[in-house]
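Quick notes on the structure that follows.
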Amino acid sequence: MTTVADHGTGHDTGHGPPGPYAPRPRGILMRPGFVRATWCAAAFFVVGMYIVVGLRWLAGWDPIYDWTIITLVGALTAAPIGFLLGLGAFDYWLYWISGRPTLPEDHSGHGATRWQDYFRVNTDHKVIGVQYTVTTFVFLLVGGLMAMIFRVELAEPGLQFLDGETFNGLVSVHATLLIFTFMVPVFAGLGNYVIPLMIGAPDMAFPRLNALSYWLLPIAGVMFLASFLAPGGAFAAGWTAYAPLSSELPVGSMFFNMGVQFAGASSILTALNFLVTIITMRAPGMTFWRMPLLVWANFTTSLLVVLATPFIAGSQFFVLFDRVMHTDFFVPEGGGYALGYQHIFWFYSHPAVYIMILPGFGIISEVISVFSRKPIFGYRLMAISLIGILVLGFSVWAHHLFVAGMADWLRVPMMITTLLIAVPTGVKVFSWLATMWEGRIHLTTPMLFALGFVSTFVIGGLSGIYLGSVPVDIHASDTYFVVAHIHYVFFGGSLLTVFAGVYYWFPKMTGRMYDERLGKLHFWLTFVTLNLTFFPMHWVGLRGMPRRVADYAAEFGAVNMFVTISSFALGASFFVFLYNMIVSWARGPAAGANPWRAMTLEWQVSSPPPIFNFDEVPTVVGGPYEYGVPGARHAVLGDPLREGVHA
Amino acid sequence: MTAHAEAAAHGHAEHHGPPPANRSSRMEPSTLGMLLFIASEAMLFGSFFAAYFFVRVVNPDATIVTPERWATWPPEPYEFPVFVAGVNTAILVTSSFTIHWAVQSIRRGNRRGLQAGLVATIALGLAFLLTQAIEYAHVGFNTTDGAFASVFFGLTGLHGAHVAVGLSLLIFAAVRAFRGHYSPEHYHGVEIPGIYWHFVDVMWIVVYATVYLL
Ligand code: HEM
Ligand SMILES: [Cu+2]
């Protein structure tokens, strides 16, 4: 049974009033694009502003021009929607809504032939994948540079050139950018590119929704950055933005509240798209137990996103209500419950740490299996442990509240579930090791990053286990020990998997090969300096150096100077990567369809893949990792009866 | 004629669209998408219920003063308009039947029934919102009157916003229904907003039971 994906051609379009859709020629102001986006955003701002002013005037409230509310409604809500409208993200739906004949998705908008094609609403999952990945790396660069700035401040005790507020703002925006506009969406970008290819589908299930999901992301990032321009400075309550503090700080805080909503909407919509694509568009023969682990990982991650993200949306709504409508959700004087914020926030944000690592687990499984030339060890157990993490992940949030004064009886159950999560995680680590055991290991750049990931991530997991046990956490919470933990799991964990993935799929995405020598240089520089930067933080943390404070006790001076110097070397290593990517993309040697001799479907088509991925739907006949198994095949392309097609 | 318009003018049959994807599930993709979206929406309600639970149950000094917290919710001298909200419940439950009728009609090829069902549902939805607005105006307290008011307006307001979204979807479907779209073979455009509407309805029953009755 075959069917057309939702490209707007199906369903009821053919039954409306007859008459072809013929786009009127439109001038630059009316054509979808950045010009229209600019004036639409401005117009929506004005409309939003006068809705506020009008209502306040009608109600007789003073002052009529309340700039906090105007900023919230006009600048942070209406203007972004106007921007998306102007860009053309809603054009199709508006035609559809008005019942007019719609332009069937003829895919003339598909693909990218010029660089400008990456700067418009594009419905091609491969273009969107690249848009996502490049955008998130821009935010990684900006967020990383912020860290360089406050590391200089931290090089010596005392306050040198930043005041406390600016320091707090920099730290908060750094973490927020890197979590909400890098770590979460970068995996959506890689997944976007690879998942349809891996399951043998021509595109995602909802291509237009996919385009909208992408364009919501830069809005969030720009909003976070724009908070520096707000009166009173950037939001400064950390990426966790605990209430009631965050509802009392200057208006910059609202840029966090709303930016998170846009980033969250983006990730929910992408996750819906992934789930529907994976469930309904797999090639014949691609059963769940034949899916590559990357697809499995994104499947479980997407479930986490869909179910958990609404909680952070809720928490930020409450904070905004407390600020703007003077409600008392988190205000104890009015009968509110301040700790409620932390519960609701972490009910999302703990699962979110798995949202930021599970897709990475998937990447590592691909890379390790391919470069060890061996089937993945315990494939089914790998998939099941992902589901185990998914389920357990919802039951541990309160380990972030051990010292916050929450109900005492909740501590021990949360400690037990927290430690339990180490079991499925351990299963994965041992399975990777067993996959490599007696394999023919090829130490390419992606494989180096995978090996680096396994070793540093284990350190991060171990510090997590310490933090998960209540007595240790009471001592170590809010110190640099937690900072060390975060950076071992995020930098040494997630980011290394992202690098592994980018190097691994770079030939597929660009059709060109990166420079292997520079890649290895990048790996060794990163791996060494990352440990030099973050390992000493364990030590100062245990000695009591608090996190998120601009000044510190003189005894930590020497270590911090060392950390700052290492962090600059770490920052510099990123430019090796950047140079390699840019130069190789422009004029690297041609890569060929399958440089890694991998079995999964994305490698069975040309690099970069043809516009609709496959000329005919492939047929899957076996598991995805049967390396070294004589006669084994994953899939047959083209007519399955014709012999001589390679798998 | 531009190449673009030409491609469009030739209709679907010849456009160089993607090869058809294999359908690996019996579930219609857009229906599945809507169900997952509803799961996400239910979690959003979940976060509002969590806030409600924190304020009413967990918080040690939740309601001003009395120890028998359950007995005095909302705190004296305020009251929730249980009866008006009950009428609203009846309105919304009825609208679930009318939307069901609309979908059943088009399945049997009855366009009049589809149109009438949609119009009736939209009218009932608007009546619900209007009643809620009047209720807010006469409820006797404001968002600033304490945490009980915060969670009251939070949950009912969130639900009201969902009614508004559901109504918009139904209005879009109605516009198309009156312009001749939909047929017994192709009625997803009404069925899917219908699913959402049922969800909004079920959610209201939960909200009503929690906020007004418990
Ligand atoms: C064996 C697995 C893990 C355990 C047992 C664990 C445990 C913990 C605990 C107990 C805390 C709270 C520390 C405190 O604030 O006092 C914490 C913080 C944190 N963990 Fe983990 N963790 C684990 C893995 C991970 C992973 C895989 C990630 C992300 C990829 C992660 C990201 C974080 C972050 C971001 C924080 C800091 C939150 C903040 O800013 O306050 N953890 N972890
Ligand atoms: Cu956690």
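The values are calculated or read from the model by the stated rules, or taken from the named source; none is laboratory data. Worth saying up front: this structure is predicted, and the values here are computed from it rather than measured. A quick note on method: Cβ atoms are made from the backbone with ideal geometry, for glycine too, and the neighbour counts reach across all protein chains shown. These area figures cover heavy atoms from the full protein model, side chains too; ligands, DNA and RNA do not enter into them. Shrake-Rupley method; radii C 1.70, N 1.55, O 1.52, S 1.80 Å.
Rg and Dmax of the stretch B:71-166, based on Cα coordinates, read 16.9, 56 Å. For the stretch A:20-81, the set of trypsin sites (Lys or Arg not before Pro) satisfying both a DSSP loop assignment and a count of at most 13 other C-beta atoms within 10 Å is given as A:R26. Split chain B at each of the GluC sites (Glu not before Pro) in a DSSP loop with at most 13 other beta carbon atoms within 10 Å, and the longest piece is B:80-184.
Ordered from highest to lowest accessible area with the whole protein assembly present and a 1.4 Å probe, A:R548, A:R114, B:R23, A:R517 read as A:R517, A:R114, A:R548, B:R23.
The accessible surface of the protein assembly as shown, taken with every protein chain in place and a 1.4 Å probe, is 70 percent carbon and sulfur. Annotation for the stretch A:365-384 versus the stretch A:534-562: alpha-carbon center distance of 39 Å. Shielding value for A:318-331 is 5, the average number of Cβ atoms from other chains within 10 Å of each residue's Cβ. Gain on full extension, evaluated as 0.36 nm per residue between A:E333 and A:H475 minus their Cα-Cα distance, stands at 48.1 nm.
Rg and Dmax, both from the Cα atoms of the stretch B:27-213 and both in Å, are 18.9, 62.
For peptide A:337-346, the mean count of partner chain Cβ atoms within 10 Å of a residue's Cβ comes to 4.
In whole angstrom, the stretch A:122-587 maps to an equivalent ellipsoid with semi-axes of 33, 26, 23, each derived as √(5λ) from the alpha carbon gyration tensor and ordered largest first.
Enumerate the whole-percent occupancy of each 10 Å bin, from 0 to the last occupied one, for all C-alpha pair distances of the protein assembly as shown. Reading upward from the zero bin: 2, 12, 21, 25, 21, 13, 5, 1, 0. Entry for the stretch A:343-470 at q = 0.11, 0.15, 0.18 Å⁻¹: log10 I(q)/I(0) = -0.43, -0.72, -0.94, Debye formula applied to identical alpha-carbon scatterers, no solvent contribution. The stretch A:241-290 and the stretch A:568-603 have Cα centres spaced 28 Å apart. The mean of 1/r over all pairs of different alpha-carbon atoms in the stretch A:34-97, once inverted, gives a Kirkwood hydrodynamic radius of 12.3 Å. The Rg/Rh ratio of the stretch B:126-170, with both radii computed over alpha carbons and Rh defined as the Kirkwood radius, is 1.03. Translational diffusion of the stretch A:339-388 was estimated from the Stokes-Einstein equation, with Rh taken as the Kirkwood radius over Cα pairs; at 20 °C and 1.002 mPa s the coefficient is 168 µm²/s.
From its DSSP helices (H runs of at least four residues, each -39,500 (n - 2.57)), chain A gives a residue-normalised ellipticity at 222 nm of -20000 deg cm²/dmol. One equal scatterer on each Cα of the stretch A:85-187, no solvent, Debye formula: the resulting log10 I(q)/I(0) at q = 0.13, 0.21, 0.25 Å⁻¹ is -0.67, -1.05, -1.22. A straight line joining the Cα centroids of the stretch B:131-158 and the stretch A:449-516 runs 46 Å.
FRET efficiency for the B:A116 to A:I64 pair, using the beta carbon distance and R₀ = 45 Å, is estimated at 0.50.
Take each peptide in A:207-218, A:586-597, A:457-468, count the other Cβ atoms within 10 Å of every residue, and average; sorted highest first, the result is A:207-218, A:457-468, A:586-597.
Take the Cα of A:L410, step 7 Å toward its Cβ, do the same at A:R380, and the gap between the two points is 3.8 nm. Cβ-Cβ distance of A:R100 and A:L55, R₀ of 35 Å, FRET efficiency by 1/(1 + (r/R0)^6): the value works out to about 0.60. For the stretch A:162-249, the Cα-based Rg and Dmax, in that order, read 17.1, 54 Å. Counted residue by residue at 0.36 nm each, then reduced by the alpha carbon distance between them, the extension gain from A:R543 to A:A593 reaches 12.7 nm.
A:V605 contributes about 10 Å² of solvent-accessible surface, heavy atoms of the protein only, 1.4 Å probe. In this calculation the C-beta distance from B:S25 to B:I205 is compared with R0 = 41 Å, giving a FRET efficiency of 0.85. Each peptide in B:108-120, A:61-73, A:360-372 was scored by the mean count of other Cβ atoms within 10 Å over its residues; highest first, the order is A:360-372, B:108-120, A:61-73.
Counts of other chain beta carbons within 10 angstrom of each beta carbon in peptide A:262-269 average 1. In chain B, the calculated helix contribution to ellipticity at 222 nm averages -23000 deg cm²/dmol per residue, counting -39,500 (n - 2.57) for every DSSP H run with n ≥ 4.
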